[in-house]
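The numbers here are math on the coordinates, done by the rules we state, and not lab data. Predicted model only: the values in this text are computed from it and were never measured. As a convention, Cβ positions derive from the backbone with ideal geometry for all residues, glycine included, and neighbour counts pool all protein chains shown.
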């Protein structure tokens, strides 16, 4: 197999791609603004609060529009036939068809998955309302849930596709094609058991050091260590 890109550089800036960019940027701006609001006070607190409201509104509107666009105007991929997942998989050993609205098939097959897009919207709205009510710490929790749900919504819609191919749909990369060998997975399992607790401890320590609000007085009291 050879890596091939069909299209030009400017085709990357297609309308739906730009809309997806708006969803991503507004999502991250909302999350960052909530965190900044929780860590600041005064003028910065107020500006962060306004940013949370604006970015949350943009996120909800763009996210809903993207969902409608996918359901009505974009062809999705679906696997018609493939070898058993327990066999040796190759990207070309399957038949893939394109169909309108196919990216929403998983939500029909597994109704519980609808909670992901619902949580994405509800989390953003609650983050905005809690931010406006001067409860940024609680707003940060719902902002986090919204970010996770937006990403999960895309993942659930595409599964098992990881990299759909426009040039040759049958060559699309799926989770079954990309899975590592049993030996590699065994090594990674033990690596995770060893290093994940270390990462969790280090991250907890960083958040403990950075806890509390950053004020002008804090900077003055720690002028040699704050930056």
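Measuring between their Cα centroids, segment 104-173 and segment 179-227 lie 25 Å from each other.
Taking label positions 7 Å along the Cα-Cβ direction at both residue 4 and residue 201, the computed distance is 5.2 nm, reported to one decimal. Judged by the gyration tensor of its Cα atoms, with axes a ≥ b ≥ c, segment 180-227 is prolate; a/c meets the 1.5 cut and a/b is the larger of a/b and b/c. Where (i) 71; (ii) 63; (iii) 55 are the candidate values, the label of the one calculated here for percent of Cα pairs over 20 Å apart is (i). Sorted ascending by nearby beta carbons within 10 Å, beginning with the fewest, 163, 30 become 163, 30. Footprinting exposure proxy ranking of 204, 143, 165, 26, fewest other C-beta atoms within 10 angstrom first, gives 204, 165, 26, 143. Only helices enter this figure: runs of n ≥ 4 DSSP H residues, each worth -39500 (n - 2.57), summed and divided by the residues of the chain, yield -21000 deg cm²/dmol at 222 nm to the nearest 500. Using alpha-carbon pairs under 8 Å, 6+ residues apart, how would you state the relative contact order of segment 1-117 in percent? Averaging sequence separation for qualifying contacts and normalising by length gives 20 percent for segment 1-117. In percent, how large is the relative contact order of segment 154-227, given Cα pairs closer than 8 Å and 6 or more residues apart? So the answer I get is 15 percent. The relative contact order of the chain, computed from alpha carbon pairs under 8 Å that lie at least 6 residues apart in sequence, is 20 percent. Residue exposure proxy: 45, 202, ordered by other Cβ atoms within 10 angstrom of their Cβ from fewest to most, comes out as 202, 45.
Using Cα atoms only, what is the angle between the long axis of helix 15-39 and the major principal axis of the chain, expressed in degrees (0 to 90) to the nearest 10? Between the helix axis and the principal axis of the chain, the angle is about 30 degrees.
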